[in-house]
Amino acid sequence: MSVVTNNDLRCTIALAALENVIDPEIGLNVVDLGLIYEIDFDEGGTGIVVTMTLSTPFCPMGESITGAVERVLQDTFTGAVVLVKLTFEPPWSYERISEAGKKFLSA
Amino acid sequence: MTSTGHINAQHTTHKVVLPFYVYASLAFLAATLLLFLSSSALTGHYFNPKILAVTHTMALGWGTMIIFGASHQLLPVLTESGLFSITLGYLSFALAAAGIPLLVYGFYYFDLGWPAQWGGSAMVLSILCYVINVAGTITKGKKDNVHAIYSLTAALWLLLTAAVGLTLVYNFTSPFLPEGALAYLPLHAHIGTTGWFLLLVIGVGSRLLPMFLISKYDNERLLWLIYFLINGGLLSFLLLFFFSLGASFYWIPVAAVSAALVMFAYYCYGCLRQRIRKQVDDQMKISLVSTGMMLVALVLLTLIILLLNASPGHRLVLLYGFGTFFGWITAIILGMTFKTLPFIVWNKIYREKAGSAKTPNPKDLMSNRLFKAMIIAWVTGSLICVAGISARSASLLRSGSALLVAAALLYNWNVMKVLTYKPAT
């Protein structure tokens, strides 16, 4: 799991917040699941662009997961405009699950 | 602001999916009640109005309706494209919902005049809507998707099954076929169970199993091989049937489908072995058990083919039919209902709230105690019914079917619990 960013400090805060967004089927958060690809912050600090994927294209839970990502970041960075961009390039694979995530799933 | 590329296109509204689930759960209850009221019929020949009524309630009202519902939700996942038409989904439901009771009424009272004819015609039209929807969805999506091809082929076999069934219904009132209905029943039954149910279960199951278990296992070549074995087996069965090549050649389709089932069992084992998620929930366990039940049904079918020349083998035929509908198909539905329905309802309630408030786990919407009690009633009831069919015992069949009624009531209770879930304020 690795997330590309242009602001390491803000990205750490964002990822900590995103650990509260749980994939309802798997029970694991979107960060450890490796769904977050990139988080970009604009210079004024009011715009955040999250590039992320889903474990499968056309996932029935997709809307609730991307919506939750948007709401969590809006709560964390008050007043920020959050844009969630969904991509399937590269497609998600099991290799993207973090070590902590693998440990959680194998428990 | 969410840039939703795939998301808006993908979203199949719950309004088109949930009516199928509600209808199927009521049909399951109706089928078990009909079985209880007609339990003594299972001590005789399988070609009996009451048994035909129970079988069609199970095959169409229970199995097909819930598959139609789940398909409208899952087709976008399988094909990686949005559903072709929501309207066709509604139309398919309305036609089947009206047709099935008419057809079952026609069988139960053996009135194969207008009720069965209109009911059967409505069902064929419903299936036609479904086939167009599946084909349209696939055309919009990825072309080389093995799971989607399984779904479309299964839907086409279902259409053929229903067309043969409707032909038989019309043939009762105005005979035009060279032989009686009994001669064509194996054709209708085998293409229905193998072409529709088996092909669809393998096609969809092979996609969902690694998804739910988070398994790294992937073997598309094996899935294509299974696909060709099942369809090859069915086509060889049709050739043997229409060219009357004799029962001694029936080992060919049985061997092809047996090989396919063993390979699918191997596929399931591969998924289990390479899973990342170690815990397998009860719903998945029941669904996996159903794979074993397919193999039992196949052993029975082999025995039927080997023994039918020597004896009528009615009990084996009844056991095969009972095992297929109340065993294998019911096992998958009992497991998969509570694997999918809580998520559909959760998504309806919490889609707009996730992330801004604490939300329950989708599994919390159902009762695990009711689920376990339902499984106990279903397993016990089924085993007692199997003993009742084997021993031709009406009292055992009554006791067993009473337990199946209890299982259906518990299933309905749990389904209603999920559907009527109210979030804490």
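Here are some notes:
- Residues in region A:33-54 that are outside any loop (DSSP other than H, G, I, E, B) and either under 10 Å from the mean Cα position of the chain (by Cα) or of a type in the set (S, T, N, Q) (or both): 7 in all.
- Only residues that are touching a residue at least 60 places away in the same chain (Cβ under 8 Å) and either in contact with a Cys (Cβ under 8 Å, 6 or more places away or on another chain) or not in a helix (DSSP H, G or I) (or both) were counted across region A:10-26, and they come to 1.
- Scan of region B:343-367 for residues that are hydrophobic (A, V, I, L, M, F, W, C) and more than 7 Å from chain A (Cβ to nearest Cβ), ordered by number: B:I344, B:V345, B:I349, B:A357, B:L365, B:M366
- Among the residues of this structure, A:A68 counts as one that is surrounded by 19 or more Cβ atoms within 10 Å (Cβ to Cβ) and at pLDDT 90 or above.
- If the condition is being at negative phi and either at pLDDT below 90 or away from chain B (no Cβ under 14 Å) (or both), then region A:24-50 contributes A:P24, A:E25, A:I26, A:I39, A:F41, A:D42, A:E43, A:G44, A:T46.
- Considering residues of region B:203-229 that are more than 10 Å from every other protein chain (Cβ to nearest Cβ) and either outside any helix (DSSP H, G or I) or of a type in the set (K, R) (or both) only, the residue farthest from B:S290 (Cα to Cα): B:R221
- Filtering region A:55-80 to residues that are among the hydrophobic types (A, V, I, L, M, F, W, C), out of contact with any strand residue (DSSP E or B) (no Cβ under 6 Å at 6 or more places or on another chain) and outside any loop (DSSP other than H, G, I, E, B) leaves A:I65, A:V72.
- Summed over region B:239-292, the residues that are without any contact (Cβ under 8 Å) to a residue 12 or more places away in the chain, more than 14 Å from every other protein chain (Cβ to nearest Cβ) and not in a helix (DSSP H, G or I) give a count of 4.
- Subset of region A:54-99 [among the polar types (S, T, N, Q) and facing chain B (nearest Cβ under 10 Å)]: A:S55, A:T56, A:S64, A:T66, A:Q74, A:T87, A:S93
The values are calculated or read from the model by the stated rules, or taken from the named source; none is laboratory data. Keep in mind that what you see is a predicted model, and the values were worked out from it rather than measured. A quick note on method: Cβ atoms are made from the backbone with ideal geometry, for glycine too, and the neighbour counts reach across all protein chains shown.
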